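Worksheet: the structure to be examined is printed underneath.
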Amino acid sequence: MTTQGRKCGTCTACCTVIPIPELSKRANVTCKFVQANQCSIYPNRPKCCRGFFCEWIDGELPEGARPDISGVVIQLNVIADTMVMGAHMWEVHPHALNGRIARRARKKFLAKKLPVVLYPLVGAISVLVPKGTRPLVFDFDQEGRKIETRYV
Ligand code: SF4
Ligand code: SF4
């Protein structure tokens, strides 16, 4: 993939951390089509893969913050089956959700009144809700993990 002049290169972070029902792939399991740090079926990859662009490839994060380096994949998208737009942040490296890149991005999205969904490697998914906005109610539980909602 390439946009804004950026290329995924050897990053395959989203191919591991994000679940892909079309491929029966669970979260935090590397897709079976990853070979030598690349997608081996790139021209024929599923539609959902074609439509995925992380914030780094979109040029919204610093050059050095490629997800396999920063340890966090960030994407703006609708939250599950709701009509609510939010920032999704998947942890690639342990504790990266507490790192500088993730904290800065979180602050930016919350300042724009966007909820932030955090997917840690271990533990519950949580949704950070900007103060002064209504809490979101979720009726889904992905990968058997409970979802918590909290204000920041
Ligand atoms: S996380 Fe971003 S940079 Fe890495 S492979 Fe996915 S789209 Fe490309
Ligand atoms: S099919 Fe290709 S692009 Fe899609 S998750 Fe697997 S390796 Fe990544």
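The values are calculated or read from the model by the stated rules, or taken from the named source; none is laboratory data. Here the structure is a predicted model, which is why all the values come from computation and not from measurement. Glycine gets a Cβ as well: all are built from the backbone with ideal geometry, and neighbour counts include every protein chain shown.
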Checklist outcome for this item: Filtering the range 52-68 down to residues that are under 14 Å from the mean Cα position of the chain (by Cα) and either touching a residue at least 40 places away in the same chain (Cβ under 8 Å) or assigned to a loop (DSSP other than H, G, I, E, B) (or both) yields PHE52, PHE53, CYS54, GLU55, TRP56, ILE57, ASP58, GLU60, LEU61, ARG66, PRO67, ASP68
Checklist outcome for this item: The lone condition VAL78 fails out of (1) within 25 Å of LYS107 (Cβ to Cβ); (2) in contact (Cβ under 8 Å) with a residue 24 or more places away in the chain is (2)
Item to check | In the range 18-75, residue farthest from GLY99 (Cα to Cα) [restricted to those that are aliphatic (A, V, I, L, M) and touching an Asp or Glu at 6+ places or on another chain (Cβ under 7 Å)] | outcome: ALA27
Checklist entry - Would the range 44-66 turn up any residue that is of a type outside the set (Ser, Thr, Tyr), surrounded by fewer than 12 Cβ atoms within 10 Å (Cβ to Cβ), under 26 Å from GLU148 (Cβ atoms) and more than 12 Å from ligand 1 (Cβ to nearest atom)? => result no
Checklist outcome for this item: In the range 8-34, anything within 14 Å of ligand 1 (Cβ to nearest atom), out of contact with any helix residue (DSSP H, G or I) (no Cβ under 6 Å at 6 or more places or on another chain) and over 22 Å from VAL117 (Cα atoms) is listed as CYS8, GLY9, THR10, PHE33
Next on the checklist: If I filter the range 78-107 down to residues being assigned to a strand (DSSP E or B) and in contact with a Phe, Trp or Tyr (Cβ under 9 Å, 6 or more places away or on another chain), which single residue comes out as modelled with the lowest pLDDT?
Outcome noted: GLY86
Item to check | Condition broken by LEU110, with the remaining ones in (1) away from ligand 2 (no atom under 14 Å from the Cβ); (2) within 13 Å of the chain's Cα centre (by Cα); (3) within 19 Å of GLU148 (Cα to Cα); (4) not in a loop (DSSP other than H, G, I, E, B) satisfied | outcome: (2)
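Going by what's in this entry, would VAL72 be described as β-branched (Val, Ile, Thr), modelled with pLDDT of 95 or more and under 13 Å from TYR119 (Cα atoms)? Walk me through it before giving the result.
Values: β-branched (Val, Ile, Thr): yes; modelled with pLDDT of 95 or more: yes; under 13 Å from TYR119 (Cα atoms): yes.
Spelling it out, VAL72 is indeed β-branched (Val, Ile, Thr), modelled with pLDDT of 95 or more and under 13 Å from TYR119 (Cα atoms).
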